[in-house]
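What follows is a short report on a single structure.
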Amino acid sequence: MTERDDKMGIGEYSCGVCKIHGCSKGEKEGLPKNCPTLDDESLDEILKMYTGEELLWAQKAALVESEGYCQKTRVEEIMDFARKCGFTNLGVAFCTGLKKEMAIFHKILTAHGFTVTSVICKNGSVAKKEFLHLKDQELVRPDTFEAMCNPIGQAVFLNKAMTELNILLGLCVGHDTLFIKHSEAPVTVLAVKDRVLGHNPVAALYMADGYYRKKLLPDEK
């Protein structure tokens, strides 16, 4: 990485701003010097990591993609992936703000023969202000009892239930990080939290050149 690249915010690899993407076509000519596809030594070691359950999950994920391509919803794809991997005991860590959606999701999963263990974000009813040492004005609702989100608790309780695949439904930024770190079962995501955009965060990217330009790209002319 050059000093100029570092000043431009470009890290070790820059696939996100690549204009070539020859990797998706099996073409190595003209790739950027920092393209991971050119790192044969690392790739040899990475491919050796696809053994056992990693190889199985990768194979089943590829089948889910090809069999349902542009036909099946993510809800259906999650069930297909679980079936193909032999997962029947599913865990769901969900946000209290999506409890209605959780009830529907539970109904769908159980209708398809899965056992579902679900744990809400507010489990434990722990006071956010006292436990996290926050000031009253730093709460969402000052002068009230505001239970903190407990994503480590969600992970631990699902671990106790010995779930085989855990699904995230609407956890906040950072809380999802803690859940994934402490989950013993593999994790996939049904939906993420974005209160402003109806839990559709990529809408901000679609509007980055328009309505959200000044907020997201303040220095760009």
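The values are calculated or read from the model by the stated rules, or taken from the named source; none is laboratory data. All values reported here derive from a predicted model rather than from experimental measurement. Methodologically, a virtual Cβ is constructed for each residue, glycine included, from the backbone with ideal geometry; neighbour enumeration extends over all protein chains shown. Ligands, DNA and RNA are stripped out before the accessible areas are found, and what is left, the full protein with its side chains, is counted by its heavy atoms. Shrake-Rupley method; radii C 1.70, N 1.55, O 1.52, S 1.80 Å.
Of the listed requirements (1) open to solvent by 60 Å² or more (accessible area, probe 1.4 Å); (2) in a helix (DSSP H, G or I), A62 misses just one: (1). For the stretch 83-129: of the residues being in contact (Cβ under 8 Å) with a residue 40 or more places away in the chain and in a helix (DSSP H, G or I), which is most open to solvent (accessible area, probe 1.4 Å)? The extreme case among them is E101.
Search the stretch 1-56 for residues being of a type in the set (K, R) and assigned to a loop (DSSP other than H, G, I, E, B), and hand back the single one that is modelled with the highest pLDDT. So the residue we want is K48. Can you find even one residue in the stretch 158-168 that is more than 21 Å from the chain's Cα centre (by Cα), more than 29 Å from N123 (Cα to Cα) and free of Cβ contacts under 8 Å to residues at least 24 places away in the same chain? No, the stretch 158-168 has no match at all. Scanning the stretch 69-117 for residues that are under 19 Å from the mean Cα position of the chain (by Cα), more than 23 Å from V173 (Cα to Cα) and among the β-branched types (V, I, T) yields a single hit, T73.
Residue by residue, here is whether (1) open to solvent by 60 Å² or more (accessible area, probe 1.4 Å); (2) in a helix (DSSP H, G or I); (3) among the aromatic types (F, W, Y); (4) at pLDDT below 95 holds:
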residue: C149; (1), (2), (3), (4): no, no, no, no
residue: A155; (1), (2), (3), (4): no, yes, no, no
residue: D176; (1), (2), (3), (4): no, yes, no, no
residue: E184; (1), (2), (3), (4): yes, no, no, no
residue: D194; (1), (2), (3), (4): no, no, no, no
